[in-house]
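Okay, structure first, notes after.
The values are calculated or read from the model by the stated rules, or taken from the named source; none is laboratory data. Treat the numbers as computed from the prediction; the structure is a model and nothing was measured. Positions of Cβ are generated from backbone atoms using ideal geometry, with glycine treated the same way; all protein chains shown enter the neighbour counts. Keep in mind that these areas ignore ligands, DNA and RNA; they rest on the heavy atoms of the full protein, side chains included. Shrake-Rupley method; radii C 1.70, N 1.55, O 1.52, S 1.80 Å.
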Amino acid sequence: MGTTWSVKLVPPPGMHVPDLRDGIQARLDRVVAEMSHWDPASDLGRFNRASAGRWQELPEDFAAVLDCALAVARDSGGAYDPTVGPLVDLWGFGPDGPRDRTPDPAAVEEALARCGWQRLELDRDSRRVYQPGGLRLDLSSIAKGFGVDVVALHLEALGIDSHLVEVGGELRGRGVKPDGMPWWVALETPPDAAVGGAGAAVVALHGLSVATSGDYRRFFEAGGVRYAHTLDPRAGRPVANRLASVTVLHPSCMWADAFATALTVLGPEEGMAFAGDRDLAALFLIRTETGLEERLTPALMAMLE
């Protein structure tokens, strides 16, 4: 996934902690083998290369992640789209590497024509997905969160009821530390700006996950303009709605990851309304001329209180 992972835990008596590393790594390696946009040998890579009119059987985890991605795509009206692969590559955020200039508008239109979650058909019963021709999946905005969930569930199955799992900044916690305190985490803020009060906001991840989408994580600059890696699949361009970041808390890190991206694309006003209607706990940080403005959904305000 091009990032790191870490796990903090309270092991049961007699458990040999170093033996856990291989099991954790094996589960994350499996996520990569199934859903990597960067590995042509992955199950996702095989789908992206498949010719039109072919059904491909999916591993159980891949099918579950794709089902979630399609649900968020439908619910957000296409603000989230797992078929955004052609645009990701065109804007320099894929395996071909970064670019130093914006793509030609005609190229954007051509890439847009090859996207569209509505064209993707998933048979949930048989765990098969249909390639209509030219579709290229990119699950970078959800697979990392799913990896967090996979590791957390693995630890729970081993009887490790107190743990904090982190993959690339996305986290999921359960239980308490030996001193009886919960796993406290600070809500992420951009490294280049201070926010009055937001930097001190902390939450206890007891049965909760947290995921953040930010314009400072991956970007390139051209003509004095910053182009962030989060793309609006409806317009075919990086989002430009003043949002510095969106952080979502949810029991599932997979859902938190996908919702953070969808809310970023929807923007401050529409995103806040979307989150409020669905009782999502979310923090929006908006760039203004005087710094960052923070907006908390009612669900998050209730949680922090």
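Quick one: Cα centre-to-centre distance for region 29-43 and region 99-132, in angstrom?
Taking the Cα centre of region 99-132 as reference, the centre of region 29-43 is 18 Å away.
Answer with one residue from Val165, Ala107, Leu292: the one whose Cα lies farthest towards the positive end of the charge dipole of the chain, charges on Cβ with Lys, Arg +1 and Asp, Glu -1.
Ala107
Farthest toward the dipole's positive end in region 38-103, which of Leu58, Ser76, Pro86, given Cβ charges of +1 (Lys, Arg) and -1 (Asp, Glu) about the Cα centre?
Pro86
Amide H of Ala201 versus every other amide H placed in the peptide plane: which residues, excluding those fewer than 5 positions away on the same chain, fall under 5 Å?
For Ala201, the qualifying residues are Leu187.
So what is the accessible area of the chain per residue, in Å², with the probe set to 1.4 Å?
Ligands and nucleic acids excluded, the result is 45 Å² per residue.
Would you mind working out the magnitude of the charge dipole of region 174-289 relative to its Cα centre, with +1 at each Lys and Arg C-beta and -1 at each Asp and Glu C-beta, to the nearest 20 Debye?
220 debye
Could you sort 283-291, 65-73 so that the peptide with the highest average Cβ count within 10 Å comes first and the rest follow in order?
Result, highest mean first: 65-73, 283-291.
Only Lys, Arg, Asp and Glu count, each charged at its Cβ (+1, +1, -1, -1), so figure out the dipole size of the chain about its Cα centre, rounded to 20 debye.
It works out to roughly 300 debye.
Return the carbon/sulfur percentage of the accessible area of the chain, one whole number, probe 1.4 Å, all protein chains in place.
51 percent
Which whole-number percent gives the relative contact order of region 1-122, counting Cα pairs below 8 Å spaced six or more residues apart?
Dividing the mean separation by the residue count of region 1-122 yields 16 percent.
What does the helix-only formula give at 222 nm for the chain: each DSSP H stretch with n ≥ 4 adding -39500 (n - 2.57), the total divided by the residues, and the result rounded to the nearest 500 deg cm²/dmol?
Value at 222 nm, helices only, nearest 500: -10000 deg cm²/dmol.
So which residue, out of Leu153, Leu164, Leu90, gets the largest mean-square fluctuation from a GNM of the chain using Cα contacts under 10 Å as springs?
Of Leu153, Leu164, Leu90, the Gaussian network model singles out Leu153 as fluctuating most.
Only four residue types carry charge here, +1 at the Cβ of Lys and Arg and -1 at the Cβ of Asp and Glu. Report the dipole size of region 225-285 about the Cα centre in Debye, rounded to the nearest 20.
Here region 225-285 has a charge dipole of around 280 debye.
Work out the P(r) tail for region 71-121: percent of alpha carbon pairs separated by more than 18 Å, whole number.
Of the Cα pairs, 36 percent sit more than 18 Å apart.
Which residue, Ala282, Ala111, Ala143, tops the fluctuation ranking in a GNM of the chain built on C-alpha contacts under 10 Å?
For the chain, modelled as a Gaussian network with Cα springs under 10 Å, the answer is Ala111.
How large is the Kirkwood hydrodynamic radius of the chain, in angstrom, based on all distinct alpha carbon pairs?
20.0 Å
With a sphere of radius 13 Å drawn around the Cβ of Ala275, what net charge do the other residues whose Cβ falls strictly inside it have (Lys, Arg +1; Asp, Glu -1)?
So the surrounding residues net to -3.
Over region 175-305, what portion of Cα pair distances is larger than 23 Å, expressed as a whole percent?
32 percent
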